[in-house]
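Q: Take this structure first; my questions come after.
The values are calculated or read from the model by the stated rules, or taken from the named source; none is laboratory data. Here the structure is a predicted model, which means the values were calculated and not measured. Positions of Cβ are generated from backbone atoms using ideal geometry, with glycine treated the same way; all protein chains shown enter the neighbour counts. Please note that ligands, DNA and RNA were not included when accessible areas were found on the heavy atoms of the full protein model with its side chains. Shrake-Rupley method; radii C 1.70, N 1.55, O 1.52, S 1.80 Å.
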Amino acid sequence: VDIYENGDELFLVADMPGVSADSADITSEQDRLTIRGYVEPTAPEGYTLTYAEYRVGDFERSFTLSSRIDREGIEALVKNGVLYLHLPKVGPQTHKIAVKAG
């Protein structure tokens with residue numbers, strides 16, 4: 001996973017070979033962003049696996065989100081086994097506090 005930042009947003013790029021948009025699951029709950037990707041192993045028709053250097057597996061990563069991330073504005077795209085997440089930051093939030101006379 002690579003995470004890039006500029007003044008207005010974060011951009012997360014995660015390599016998830018074998019994961020499609022249908023098999024990706026991204027959730028934001030409180031301050032936790034969780035990325036899951038599920039992979040269905042495939043073999044050429046008529047062949048069986050004799051040897052594998054590594055097994056195909058599912059993906060899962062969790063990150064703590066800053067309160068400065070606009071959770072409603074998060075966008076995700078999966079293309080060719082790569083997940084792209086756009087995490088916009090919340091703009092400056094200045095609140096006027098009313099002062100009452102006592």
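Q: Hey, any hits in region 39-57 for a residue that's in contact with a strand residue (DSSP E or B) (Cβ under 9 Å, 6 or more places away or on another chain), hydrophobic (A, V, I, L, M, F, W, C) and either open to solvent by less than 100 Å² (accessible area, probe 1.4 Å) or in a loop (DSSP other than H, G, I, E, B) (or both)?
A: Initial filter on region 39-57 (in contact with a strand residue (DSSP E or B) (Cβ under 9 Å, 6 or more places away or on another chain)): 39.
Applying the additional criterion that residues be hydrophobic (A, V, I, L, M, F, W, C) yields 39.
With the extra rule that they be either open to solvent by less than 100 Å² (accessible area, probe 1.4 Å) or in a loop (DSSP other than H, G, I, E, B) (or both), the set shrinks to 39.
Looking through region 39-57, at least one residue is in contact with a strand residue (DSSP E or B) (Cβ under 9 Å, 6 or more places away or on another chain), hydrophobic (A, V, I, L, M, F, W, C) and either open to solvent by less than 100 Å² (accessible area, probe 1.4 Å) or in a loop (DSSP other than H, G, I, E, B) (or both).
Q: Inside region 16-31, can you point out the residues that are assigned to a loop (DSSP other than H, G, I, E, B) and exposed (fewer than 14 other Cβ atoms within 10 Å of the Cβ)?
A: First pass over region 16-31, keeping only residues assigned to a loop (DSSP other than H, G, I, E, B): 16-20, 30-31.
Matches in region 16-31: P17, Q30, D31.
Q: Residues T34, T64: which one is of a type in the set (S, T, N, Q) and open to solvent by less than 60 Å² (accessible area, probe 1.4 Å)? Steps first, please.
A: Numbers: T64 fails: open to solvent by less than 60 Å² (accessible area, probe 1.4 Å).
Testing whether each residue is of a type in the set (S, T, N, Q) and open to solvent by less than 60 Å² (accessible area, probe 1.4 Å) leaves just T34.
Q: So which residues in region 70-87 are buried (at least 17 other Cβ atoms within 10 Å of the Cβ) and either part of a strand (DSSP E or B) or of a type in the set (F, W, Y) (or both), if there are any at all? Full working, then the answer.
A: Pass one, region 70-87, residues buried (at least 17 other Cβ atoms within 10 Å of the Cβ): 74, 78, 83, 85, 87.
Scanning region 70-87 gives V78, L83, L85, L87.
Q: Follow-up question, since we're still on this one. Kindly list the number of the only condition in (1) assigned to a loop (DSSP other than H, G, I, E, B); (2) touching a Leu at 6+ places or on another chain (Cβ under 6 Å) that fails for S67.
A: Every condition holds for S67 apart from (2).
Q: Among all residue pairs at least 6 apart or on different chains, which show Cβ distances below 8 Å where the first residue, located in region 13-26, is over 17 Å from V56 (Cβ atoms) and the second is open to solvent by 30 Å² or more (accessible area, probe 1.4 Å) and acidic (D, E)?
A: These pairs meet every condition: V13/D2.
Q: Scan region 6-15 for residues that are surrounded by 11 or more Cβ atoms within 10 Å (Cβ to Cβ) and of a type in the set (D, E) and jot them down. Let's see the steps before the verdict.
A: Looking only at region 6-15, we keep the residues that are surrounded by 11 or more Cβ atoms within 10 Å (Cβ to Cβ), and these are 9-15.
Listed by number, the residues that qualify are E9, D15.
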